[in-house]
Amino acid sequence: MGVLPYLVAVWIFLVGCYGLATSRNLIHAVGCLSVCQSATYVLLLAVGYRDDATAPVFSDVKPGSRPVVDPVVQALTLTDVVVGATVTALLLALVVQVSKRHGTVDPDALSELRG
Amino acid sequence: MSRRARLWLVAVGGGALAALLVAACLDLPAFGGTRHPYGDRAVRESLARHTANTIASINFDQRAFDTLGEISILFAAVLGCVVLLRQTRDEHRARPEPEPVALPVRRYALAVLPVALLTGLYVVAHGQLSPGGGFQGGVVAATSLHLLYLGADYRALERIRPVGLYEVGDALAVSAYLVTGLAGLIGGTAFLANTLLPYGTFNTLSSGGTVPLLNAAVGMEVACAVVVLLARFLDQAVEIEKGK
């Protein structure tokens, strides 16, 4: 195991970057950006993982009876998810406008300026 | 730049980035290790303030100021979407015709709608006790309303979803978060400090001081924001059409 979970996060991030660079469709590109972002979830949760530990919620676990995983990175992941969702929504709204104005969602076809 | 040149650039840049990231990964603390200094301190603080869900304690107490920034991003993004997706001069609204819905889909959607709505509200209300909280519960509650669009039709959804009201609710929820934070200043402590209310009995609904209040404000904000966002995108897909 060792370093594998971190490497998985790196792999997901690079796959997302590859998709962004080669995308021929803006909606596809927004999806690739979400893939890049999910790499950060994997990285954060991997950093916070602790062997034989449970969730840091003490409604049914007696405090101190079991080790818990790192709650700080879980809270950061939650922030990440919310920001990711809002960025995706905003980008998709932009794609709707681009498609209306230019009649295409291919980034390569969007080279000329139009008023 | 030609596609070929761009691919070469991506390969070179991506390879270098991959090497740097792998080198960084090899230096990270071992996976599953026992040393989590911030986590241990966060758990101790959360228990000291009688909040069973440590993540809610971090979001709405220890890092409440960061959460204010987070919901401001959400608010700004909704505002941006509303501006970007509004009806322009050369477009008009077409009345969508109801399509027949398969009977099992209709029955299932209408049966699940109240259950899903209640689940969403439950998750918001128990944010300081069990996994979940304002962000997750708000999304569940907001999406449950849209089961009506699947089960009945767009008109039915519009009747239970006056978008203007939800926009007001969105703004009110952000204001409620700010006001709860300012209440700390009036009480003689810092902005968003959790010292105003009694911490209550551990593992009950009223525990955690201001955590449940901030959690509820965020739940309302997220629910309203998701409803408004989906309404704007659905408008574009269903109602707004090009040409006069």
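The values are calculated or read from the model by the stated rules, or taken from the named source; none is laboratory data. The structure presented is a predicted model; accordingly, all values stated were derived computationally and were not measured. Cβ: placed from backbone, ideal geometry, glycine included. Neighbour counts: every protein chain shown. Heavy atoms of the whole protein, side chains included, go into the accessibility calculation; ligands, DNA and RNA do not. Shrake-Rupley method; radii C 1.70, N 1.55, O 1.52, S 1.80 Å.
Exactly one of these conditions fails for A:D52: (1) facing another protein chain (nearest Cβ under 9 Å); (2) in a helix (DSSP H, G or I). Give me its number.
Only one criterion is unmet by A:D52, namely (2).
Which of the residues that make up segment A:56-87 are touching a Phe, Trp or Tyr at 6+ places or on another chain (Cβ under 8 Å) and more than 7 Å from every other protein chain (Cβ to nearest Cβ)?
A:V69, A:T77, A:D80, A:V81
Of everything in segment A:55-77 that's touching a strand residue (DSSP E or B) at 6+ places or on another chain (Cβ under 6 Å) and farther than 18 Å from B:R49 by Cβ, which residue is surrounded by the fewest Cβ atoms within 10 Å (Cβ to Cβ)?
The residue in question is A:R66.
When the residues of segment B:93-112 are filtered to those that are outside any loop (DSSP other than H, G, I, E, B) and in contact with a Gly (Cβ under 7 Å, 6 or more places away or on another chain), which remaining residue is surrounded by the fewest Cβ atoms within 10 Å (Cβ to Cβ)?
Pass one, segment B:93-112, residues outside any loop (DSSP other than H, G, I, E, B): B:93, B:103-112.
With in contact with a Gly (Cβ under 7 Å, 6 or more places away or on another chain) added as a condition, the list becomes B:105-106, B:109-110.
Details: B:V105: 12, B:R106: 14, B:A109: 19, B:L110: 15.
Among residues in segment B:93-112 that are outside any loop (DSSP other than H, G, I, E, B) and in contact with a Gly (Cβ under 7 Å, 6 or more places away or on another chain), the one surrounded by the fewest Cβ atoms within 10 Å (Cβ to Cβ) is B:V105.
Given the conditions (1) free of Cβ contacts under 8 Å to residues at least 60 places away in the same chain; (2) open to solvent by less than 50 Å² (accessible area, probe 1.4 Å); (3) within 7 Å of chain A (Cβ to nearest Cβ), and given that B:T34 satisfies all but one, which numbered condition is not satisfied?
So the condition that B:T34 fails would be (2).
If you take just the helices (runs of 4 or more DSSP H) that sit entirely in segment B:115-160, which of them hold at least 2 residues that are open to solvent by 20 Å² or more (accessible area, probe 1.4 Å) and at pLDDT 90 or above? Explain how you work it out, then say what you get.
On the way: elements: B:134-145, B:147-151, B:154-159.
Helices (runs of 4 or more DSSP H) meeting the threshold: B:134-145.
For a quick check of your reading of the model, give me the residue pairs whose first member lies in segment B:225-244 and is over 21 Å from B:A142 (Cα atoms) and among the hydrophobic types (A, V, I, L, M, F, W, C), whose second is open to solvent by less than 30 Å² (accessible area, probe 1.4 Å) and assigned to a strand (DSSP E or B), with beta-carbon atoms closer than 8 Å and at least 6 apart or on different chains.
Partner pairs satisfying both residue conditions: B:I240/B:E91.
Since A:H28 meets every condition but one in (1) within 15 Å of the chain's Cα centre (by Cα); (2) farther than 24 Å from A:L110 by Cα; (3) more than 7 Å from chain B (Cβ to nearest Cβ), which condition does it not meet?
Tallying (1) within 15 Å of the chain's Cα centre (by Cα); (2) farther than 24 Å from A:L110 by Cα; (3) more than 7 Å from chain B (Cβ to nearest Cβ), A:H28 fails exactly one: (2).
Which of the residues belonging to segment A:95-115 are without any contact (Cβ under 8 Å) to a residue 24 or more places away in the chain, among the aliphatic types (A, V, I, L, M) and either at the interface with another protein chain (Cβ under 8 Å from one of its Cβ atoms) or open to solvent by less than 60 Å² (accessible area, probe 1.4 Å) (or both)?
Answer for segment A:95-115, where residues must be without any contact (Cβ under 8 Å) to a residue 24 or more places away in the chain, among the aliphatic types (A, V, I, L, M) and either at the interface with another protein chain (Cβ under 8 Å from one of its Cβ atoms) or open to solvent by less than 60 Å² (accessible area, probe 1.4 Å) (or both): A:V96, A:A109, A:L110.
When you check B:T67 against the structure, is it among the polar types (S, T, N, Q), within 9 Å of chain A (Cβ to nearest Cβ) and in contact (Cβ under 8 Å) with a residue 40 or more places away in the chain, yes or no?
Details: among the polar types (S, T, N, Q): yes; within 9 Å of chain A (Cβ to nearest Cβ): yes; in contact (Cβ under 8 Å) with a residue 40 or more places away in the chain: yes.
For B:T67, the condition - among the polar types (S, T, N, Q), within 9 Å of chain A (Cβ to nearest Cβ) and in contact (Cβ under 8 Å) with a residue 40 or more places away in the chain - is met.
Select from segment A:8-19 the residues that are buried (at least 18 other Cβ atoms within 10 Å of the Cβ), more than 9 Å from chain B (Cβ to nearest Cβ) and not β-branched (V, I, T) and list them in ascending order.
Listed by number, the list holds a single entry, A:G16.
Taking A:L33 and the conditions (1) loosely packed, with under 14 Cβ neighbours inside 10 Å; (2) closer than 29 Å to A:V105 by Cβ, which numbered condition does it fall short on, given that it satisfies the others?
(1)
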